[in-house]
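Values quoted throughout were computed directly from the atomic coordinates according to the rules given, and no laboratory measurement underlies them. Remember, predicted model here, so these are calculated numbers, not experimental data. Neighbour counts are summed over all protein chains in view; Cβ atoms, including those assigned to glycine, are modelled from backbone coordinates with ideal geometry.
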Amino acid sequence: MLPSTLALSLFFHLLATVVWIGGLVVTVILVYPAVARTLKDNPGLYRLLSRLRTRFAPLSYLSLTTLIVTGLFQMTADPAYEGFMSFNNTWSQVMLVKHLAIIGMVIVGGVLQWLVVPELERTSLLVERGKGDAATWERLRRREIRLTWASVSLGIAVLGLSAWAGAL
C-alpha cells in the first residue's frame, strides 16, 4: 500500500475519532452540565438539548461510517493481520477486544437514538407546553446521561486499545 494512501486513511480515521469520541466527551463533561445549570427550570432547556442532539446525530453517523471504512482498510494493511477471525497473536486479540468495545458503542448509540431520545423528545414537547411530567423528563435525561457516559467510557477504552495495538 502506498504511504500516501495510508496517511490519508489515518487522517480521516483520526478526524472521525475526534468528532465522535471528542464530541461525546465535550458534551458529557462540559455542555450538558453547564446548560442544565444555566437553564434549569427554563423551557428553553428542552429545545436546546433537542437541537444539540439533532446536530450531533448526523456527525456521529458520518464518523462511524468513516471509522469502519478506514479502520478495515488500515487493519488489513497491518503486517500483524493474519486474516478474518484469526486471533493467533496479541495484536489480533487486542483488535478483537477493541471491536467488541466499538460494537458496544454502536449498541448504546442505537438504544439512545431509537429508544431513549424519541421518548425524551416527546416528553420535552409535553413539558414545554405544560402538559407533561417533569419527573418523567428527568428520569429519561438521567438515562440519556448514563448511556452517554457508557459510550464515552467505551470510546476511551477503544482509544486505549488502539494505542496498545499500535505499540505491538
query: Tell me, how many Å apart are the Cα centres for segment 38-66 and for segment 1-15?
result: 30
query: How many nm is it between the label spots at Leu48 and Ile107, if each spot is 7 Å from the Cα in line with the beta carbon?
result: 3.4
- prompt: Helix hunt in the chain: which complete DSSP H runs extend at least 15 Å axially by C-alpha with mean Kyte-Doolittle at least 1.0?
  reply: 3-17, 90-111
query: Between (i) 38, 33, 33; (ii) 49, 36, 32; (iii) 61, 29, 23, which matches Cα extents along the principal axes in Å calculated for the structure shown?
result: (iii)
statement: Residues meeting the amide H criterion for Asn89 (H placed from the backbone, H to H distance under 5 Å, 5 or more places apart or on another chain) are none
Rounded Å value of the spacing that divides the Cα centres of segment 86-131 and segment 135-168: 9
- prompt: Expressed in nm to one decimal, what extension gain is obtained for the pair Phe11 and Leu39 from 0.36 nm per residue of sequence separation less their Cα-Cα distance?
  reply: 6.3 nm
query: Taking +1 at the Cβ of each Lys and Arg and -1 at the Cβ of each Asp and Glu, which of Leu161, Val111, Phe11 sits farthest along the dipole of the chain towards its positive end, judged by Cα position relative to the Cα centre?
result: Val111
- prompt: Taking the Cβ of Val94 as the center, what net charge do the other residues with Cβ under 15 Å away carry, scoring Lys and Arg +1 and Asp and Glu -1?
  reply: -1
